[in-house]
Protein chains: 2
Amino acid sequence: MLNGEMFIGAAAVRGEHGSVRGYNPATGEDLEPAYGLASAAEVDRACALAWAAFDTYRDTPLEQRAAFLERIAQNILDLGDALVERAMAESGLPRARIEGERGRTVGQLRLFAEVVREGSWLEVRLDSAQPQRQPLPRSDLRQRHIAVGPVAVFGASNFPLAFSVAGGDTASALAAGCPVVVKAHSAHPGTSELVGRAIRDAAAQCGMPEGVFSLLFAERDNAVKLVTDWRIKSVGFTGSRGGGMSLVRACAGRPEPIPVFAEMSSINPVFLLPAALKERAESIGKNFIASLTMGAGQFCTNPGLVLTLEGPETDAFLRSASAALEASAGATMLTAGIHRAYEQGVAKIAANEQVKTIARGTAGTTKHACQGGLFLATAADFLADPEMQEEIFGAASLVVACKNLDEMRAVAERLEGQLTATIQMEAEDEAIARSLLPTLERKAGRILVNGYPTGVEVCHAMVHGGPFPATSDARMTSVGTLAIRRFLRPVCYQDLPQALLPQALRDDNPLQLPRRLDGRLALPEQGKA
Amino acid sequence: MLNGEMFIGAAAVRGEHGSVRGYNPATGEDLEPAYGLASAAEVDRACALAWAAFDTYRDTPLEQRAAFLERIAQNILDLGDALVERAMAESGLPRARIEGERGRTVGQLRLFAEVVREGSWLEVRLDSAQPQRQPLPRSDLRQRHIAVGPVAVFGASNFPLAFSVAGGDTASALAAGCPVVVKAHSAHPGTSELVGRAIRDAAAQCGMPEGVFSLLFAERDNAVKLVTDWRIKSVGFTGSRGGGMSLVRACAGRPEPIPVFAEMSSINPVFLLPAALKERAESIGKNFIASLTMGAGQFCTNPGLVLTLEGPETDAFLRSASAALEASAGATMLTAGIHRAYEQGVAKIAANEQVKTIARGTAGTTKHACQGGLFLATAADFLADPEMQEEIFGAASLVVACKNLDEMRAVAERLEGQLTATIQMEAEDEAIARSLLPTLERKAGRILVNGYPTGVEVCHAMVHGGPFPATSDARMTSVGTLAIRRFLRPVCYQDLPQALLPQALRDDNPLQLPRRLDGRLALPEQGKA
């Protein structure tokens, strides 16, 4: 089933611009087959096909588009164990995690199918004409949202299914009506080929225009060529701050600048409030380490920072966390490069004279195992050293001990933008929590109480986003149904005859959409919304 | 009433960093008083006050925030004729236009007050907890939108009221919960002072925090300082492409990049379809010139391009348009600089060897009168010369004669992004119009049939936006109630106790908001939505 091929529209193609192979980070073995990389001409062809497909695809009936998403989901399931095994081999992630991620990926596609059908995302607004108005009559004005154009999606290394070829960016862009050109992550080319074929086949099975989807393997130069192609109108990316910002800069420098939705860097502070620590320092320590070390800490929402108040309860927390970390087995990291960067990050913070190493995990038995790390600094030192805020991608976390609540608030205020902020609290901590909330709202896309930030539910209310550098656009989310909005723009129609209006805007509401009528939100008569 | 003062929070301040005066473009006279420009320290102080006000202001009850907007509107009306006369003197615009613009400005503030009260913009989404779910329970997840932070607003020269100190950017940012720092346009400092004082007073009357509004006069360096201040989180701008892009670049280069909503450049193509021309070439010619010359053509939506098919009907249109233009009086332009740029733009296109000058308006009697211009080129020459697409701000338009519909479509496809696209059609033109629509949707924010693009209704369905270079963010609008979205971002709350949740997200829906409950849109029980 693995041919080392990419998909340029319907065509399976072997690139000849160099090659890349999968790599098993648990064993250190290269995997077969080799994957040929795309030439500039192949990037160009994928963009041309996407452009050619755009007007047709964005105009597909909602039901047909939803069925396409569901067909992709089914085709992924139909790959069966071959997909699971290849993803495990390429990522070092265990079976349960990959199976769970597959479920999430499939569920996400199906959720977006529901979203497409329900149609709120079209955001229909009708303002009626007022021909008698003085001094000037008012026109008939109608608004809907349409797809922005072809979208370039970058697969992420840490979710070979859920943030990759058929992940959230692809699902939401296809739902919006945008053709997608995926640049596969080089860490899991085989997984990418399998999923790419599933999408390619679904497009054919559902009668979609060929260019609705392409999958490219490409090195950096041609990835930049992809995002700077004039036919690409938006970019979805999850990865490092450096990688994200290089795409942001490339797209800002285009003759026609385009938005880049880069989800980049977050250390996800966890605030341990006094009554909570007093009540359950030991379990917080244990559960925190479980969240920290899950998946070798390779989550955007990994809790890389803990804020607590100096004192015996914090000492108890540190003892519990240390014991849990020391007992944790070092899990295999995704790639040799990620492992190297992790080791460098840990070495750097351990060498910081203001930082104390509290505990390390076990070294692990596989080739690229993540040895967890727990570190401690004072709030005063943290405030004086911006480098302590740098994300270490993996199972490392820094505990910042504050002298008092004012210092804790000062640290909170000094944080960069985050995906999440977590509060561990009891009822007695409510006043403190309330005083932190305004700061946390300004800093983070998601605020949690008594949970841990790892684990991002795909649902309607989720925000997987946040102020820079968590993302390049705090007004959006890359997980959850609101993610579709990244790829839509409003268009207003003034005095169009009914026959020329898109179905979504016709008086009789044939699509049964929720609408805003002269400013008043109205649900469709029956059934859908 | 005019003291030459700016407002830094509640304080009326005379800047001492140089000065600027209003100028009457009809007479060429400088106007009293001189306006002192802000120093860097004064910019800093306005930002500090805005930041200090932010958490309080964004948390004001909706009713109180709405009343604040309405109080601003009333205070503007209470300025009476002094405001109208000063705006006329500083802009060269006639009384009826300024009075109409005042009505629009006041109506816009009141409309946003309604929007604030209704609360859909909070976009409340509640996903209920599923504690029994296997393999993992689901948390309680709730989403609302919050204000992004203090917003810098740049007054535009061409709407001294509706796109200036209390214009659409200010109204929508205040509605969203963002403090606003306005950088006044130097073309109407007196108008700016009057309106600025009206807002400053409204803030005090409504018990708003002092820093919710500041008004600065500033030269370029300090304007850049304003948008690159770390406390400013978004920018609203209406003006030239050069001015907008310089702000976009400055904000992209910040340590924390922020979005700039710049509405910049558009030539607003008008498509004359064959049956329409056959039916009413003469009236189209006349009405087109009325739209072109209104307000000396100083509208973002001015029709600067006409696409038509070669033939006798087009000849008839040109005769009618020429006669109307030649009969038109040259109206005073807003500033000496705009007049100079207009003359240069017209001279440049007139000197283009592929362009024929069809008609000119009368020269006008005031110092900076706009002499309209109508020019003609073939589609082939237009396609070969991108400079023919450059906006000439003022009453100049280029007619592009196409050999056939394919050529017309090719020209449409070659256009840059636009605020508007207009079709003049009859029922017999429907198939042609339908074939143009996909292209026009991709190119423009608003599509009109049988109207003219000047005149932008402030309502729910309006889109005053469009692909680059019409704006720097095609996903947004700067006019109409959707404009509030520019200044909002989503935040998700996971497992917060009811007591800590913002009112908008509480189970009992105390604000009576429309909500999405487990994906299903629901209107409040009674009353509001």
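The values are calculated or read from the model by the stated rules, or taken from the named source; none is laboratory data. This one's a predicted model, so the numbers in the text were calculated from it and none came from an experiment. Counting neighbours? That spans all protein chains shown, and the Cβs are built from the backbone with ideal geometry, glycine included. Each accessible area value is taken on the protein alone, full model and side chains, heavy atoms only, with ligands, DNA and RNA left out. Shrake-Rupley method; radii C 1.70, N 1.55, O 1.52, S 1.80 Å.
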Report task. Provide a whole-number value for the mean count of partner chain Cβ atoms within 10 Å of the Cβ atoms in peptide B:129-140. Result -> 2
**Report entry** Relative contact order of chain A, defined on C-alpha pairs under 8 angstrom at six or more residues apart (%)
**Finding:** 17
**Report entry** Placed amide H near B:Arg21: partners under 5 Å, 5+ positions off or other chain
**Finding:** B:Tyr35
Query - Rounded Å value of the spacing that divides the Cα centres of segment A:183-248 and segment A:13-64 - result: 6
Requested in this report: Name the residues whose placed amide hydrogens come within less than 5 Å of the amide hydrogen of A:Ala470, ignoring near sequence neighbours (fewer than 5 apart) on the same chain.
Outcome: A:Ser265, A:Gly417, A:Gln418
Report summary line: Straight-line reach check, B:Lys348, cutoff 18 Å on alpha carbons, 8 or more apart in-chain or any other chain, hits among aspartates and glutamates -> B:Asp381, B:Asp385, B:Glu387, B:Glu390, B:Glu391
Query raised in the report: What is the Cα radius of gyration of the protein assembly as shown over 2.2 N^0.38 Å, N being its residue count?
Result: 0.95
Requested in this report: Step through the residues of segment B:193-199 one at a time and calculate ³J(HN,Hα) from phi using the Karplus curve (6.51 cos²θ - 1.76 cosθ + 1.60, θ = phi - 60°), rounding each to whole Hz and writing x for Gly and Pro.
Outcome: 4, 4, 5, x, 5, 4, 6
Requested in this report: For the protein assembly as shown, report the accessible area per residue in Å² (1.4 Å probe, heavy atoms, rounded to an integer).
Outcome: 33
Requested in this report: Return the long-range amide H neighbours of A:Val399 (sequence gap of 5 or more, or a different chain), with a cut-off of under 5 Å between placed amide H atoms.
Outcome: A:Val306, A:Phe375, A:Leu376, A:Ala377
Report summary line: Expected field for B:Thr454, accessible surface area in Å² at 1.4 Å probe radius, rounded to 10, holds 20
Query raised in the report: Given labels modelled 7 Å from the Cα in the Cβ direction, how far is it in nm from B:Arg14 to A:Ala410?
Result: 4.1
Report summary line: A 1.4 Å probe over the protein heavy atoms gives segment B:262-401 a carbon and sulfur accessible-area percentage of 53
Query raised in the report: Mind checking how much accessible area B and A bury in total, 1.4 Å probe, in Å² rounded to 100?
Result: 6500
**Report entry** Unit charges at the beta carbon, dipole of segment B:17-138: most positive-side option, B:Val124, B:Ser19, B:Ala38
**Finding:** B:Val124
Report summary line: Sequence order, segment A:242-250: Karplus ³J(HN,Hα) from phi using 6.51 cos²θ - 1.76 cosθ + 1.60, θ = phi - 60°, Hz rounded, Gly and Pro as x, gives x, x, x, 5, 5, 5, 4, 5, 4
Query raised in the report: What percent of all Cα-Cα pairs in segment A:232-303 falls in each 10 Å bin, counting up from 0?
Result: 18, 31, 21, 17, 10, 3
Query raised in the report: How large is the charge dipole for segment A:269-449, taken about the Cα centre, if only the Cβ atoms of Lys, Arg (+1) and Asp, Glu (-1) carry charge, to the nearest 20 debye?
Result: 540
Query raised in the report: Computed FRET efficiency, Cβ-Cβ of B:Gln130 and B:Ala499, R0 22 Å: what is it to the nearest 0.05?
Result: 0.45
Query raised in the report: What nm distances, shortest first, do you get from the label point of B:Glu16 to those in the other copies when the point sits 7 angstrom along Cα to Cβ?
Result: 7.5
Requested in this report: Rounded to whole Hz and in sequence order, give me ³J(HN,Hα) for segment A:182-189 from the Karplus expression 6.51 cos²θ - 1.76 cosθ + 1.60, θ = phi - 60°, writing x for Gly and Pro.
Outcome: 8, 9, 5, 6, 5, 6, 9, x
Query - Considering only segment B:269-449, percent of DSSP beta bridges that pair antiparallel, nearest 5 - result: 20
Query - B from A by rotation - nearest chain A beta carbon to the axis, in Å - result: A:Ala252, 3
**Report entry** Lys, Arg +1 and Asp, Glu -1 on Cβ, resulting dipole of chain B about Cα centre, debye, nearest 20
**Finding:** 940
Query raised in the report: What is the average number of partner chain Cβ atoms found within 10 Å of a Cβ in B:252-258?
Result: 4
Query raised in the report: Hey, for B:Gln205 with labels 7 Å out along Cα-Cβ, what do the inter-copy distances come to in nm, ordered shortest first?
Result: 6.5
Requested in this report: Could you sort the residues of segment B:445-490 by number and keep only those whose accessible area is reduced by 50 Å² or more in the all-protein-chain setting relative to the chain alone, 1.4 Å probe?
Outcome: B:Ile447, B:Val449, B:Glu457, B:His460, B:Ala461, B:Phe468, B:Arg475, B:Leu482, B:Arg485, B:Arg489, B:Pro490
**Report entry** Cα lying deepest toward the dipole's positive end in chain A, options A:Pro514, A:Val479, A:Gly311, charges on Cβ
**Finding:** A:Pro514
Query raised in the report: For segment B:340-487, what is the Kirkwood estimate of the hydrodynamic radius, computed as the reciprocal of the mean inverse distance between distinct Cα atoms, to one decimal in Å?
Result: 17.0
Report task. Pull up the DSSP beta bridges for the protein assembly as shown and report the antiparallel fraction as a percent, rounded to 5. Result -> 40
Report task. Quick one: divide the alpha-carbon radius of gyration of segment A:57-117 by 2.2 N^0.38 Å and tell me what you get. Result -> 1.30
Report task. Go through A:Ala396, A:Gln498, A:Ala87 and say which Cα lies farthest out towards the positive end of the charge dipole of chain A; charges sit on Cβ, +1 for Lys and Arg, -1 for Asp and Glu. Result -> A:Gln498
